[in-house]
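Written below as structure tokens is the structure these notes are about.
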Ligand code: CNA
């Protein structure tokens, strides 16, 4: 091996070097991990600013008191919000054949709205797109119950007449959708992981950052640092948190600040500005 290739290997990537790598095709299997932060610019508040999120999204609480959830759902329902530049960036990765998969914790379906195809998308905590009767398991589309929810009412099953129809988003106390398990074969193949707009504090999702190969570069784009100094989770760095302060960390890069501004910078650095504008015009 030449000395230069050895030096290259021990150098940590940067925001700029990652942009360059995307431009010249060095990354072919990019995985995204995203969260509520990417939809804040659409007008959807993130988890931390919701009143009592733990209770609203708790399945036991929901069965007893579904109204607080449906009051919130009325605000969140798909169709009320537009995708952001970050969502369109995912689409650009897909269009340029370098997207392995988007893993989102969001339930707002804005990735779909931006044109990310179903087989490229894992809605790890489910979504509002479909709903199920908690009593007889009859399945409904979002549109079937949206009207009722928009009137501020609770949707009940028209077949069994007694079950509440719950949107298929994963509540605390419920199992994750089957698609989530795609990570077992996806993550070991990744060559770039972009973590964006998430505090990584919800497990098991947050723990996935450690499932990529050691050679895989990881880029964090978020308002705040995550994990290392995060009081909400990952107090134990062995759990796979970013360890930017470690001298021998040669695979992580971060860009702290607004994710929309930074993704527009990234699009520009990659040289996808024209493509991006074209995409916006069509959407
Ligand atoms: P979170 O814990 O609220 O973290 C969001 C992160 O994004 C925080 O670190 C913020 O600092 C950061 N952030 C907020 N705005 C910006 C911005 N403009 N630029 C950069 N960073 C920003 O949310 P997570 O997604 O990590 O937590 C997981 C929960 C939240 C999931 O179960 C979701 O279902 C749930 N959730 C989803 C939505 C949605 O679908 N839009 C909304 C609210 C909550």
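Each value in this text was obtained by applying a stated rule to the coordinates, not by laboratory testing. Model, not experiment: these values are computed from the prediction. Virtual Cβ from ideal backbone geometry, glycine too; neighbours counted across all protein chains shown.
General observations
- This ranking places 136, 259 by how few other beta-carbon atoms lie within 10 Å of each, fewest first, which gives 136, 259.
- Among 27, 159, 103, residue whose mean-square fluctuation peaks in a GNM of the chain (springs only between Cα atoms under 10 Å): 159
- Compactness index (Cα Rg / 2.2 N^0.38 Å), the chain: 1.06
- Percent breakdown of C-alpha pair distances by 5 Å bin, ordered from the shortest bin, for segment 87-126: 6, 29, 38, 19, 7, 1
- Separation in nanometres of the label points that stand 7 Å from Cα toward Cβ, at residue 150 and residue 274: 4.1
- Shown for 20, 162: other C-beta atoms within 10 Å of each C-beta, ranked fewest to most, produce the order 162, 20.
- 0 to 90° range, to nearest 10: angle between helix 67-76 axis and the chain longest Cα axis: 50
- By other beta-carbon atoms within 10 Å, ranking 87, 183 with the fewest at the front produces 183, 87.
- Based on alpha carbons, the Rg and Dmax found for segment 140-186 are 14.4, 43 Å.
- Extension gain for residue 141-residue 282 works out to 48.1 nm (0.36 nm per residue, less the C-alpha to C-alpha distance).
- A Gaussian network model of the chain, with springs between Cα atoms under 10 Å, assigns the largest mean-square fluctuation among 207, 126, 197 to 207.
- The overall shape of segment 71-150, judged from the alpha-carbon gyration tensor, is prolate: a/c is not under 1.5, and a/b is greater than b/c.
- Every helix of 4 or more DSSP H residues in the chain counts as -39500 (n - 2.57), and over all residues that averages to -8000 deg cm²/dmol at 222 nm.
- Reduced Cα scattering model of segment 91-219, Debye log10 I(q)/I(0), q = 0.09, 0.11, 0.17 Å⁻¹: -0.32, -0.47, -0.94
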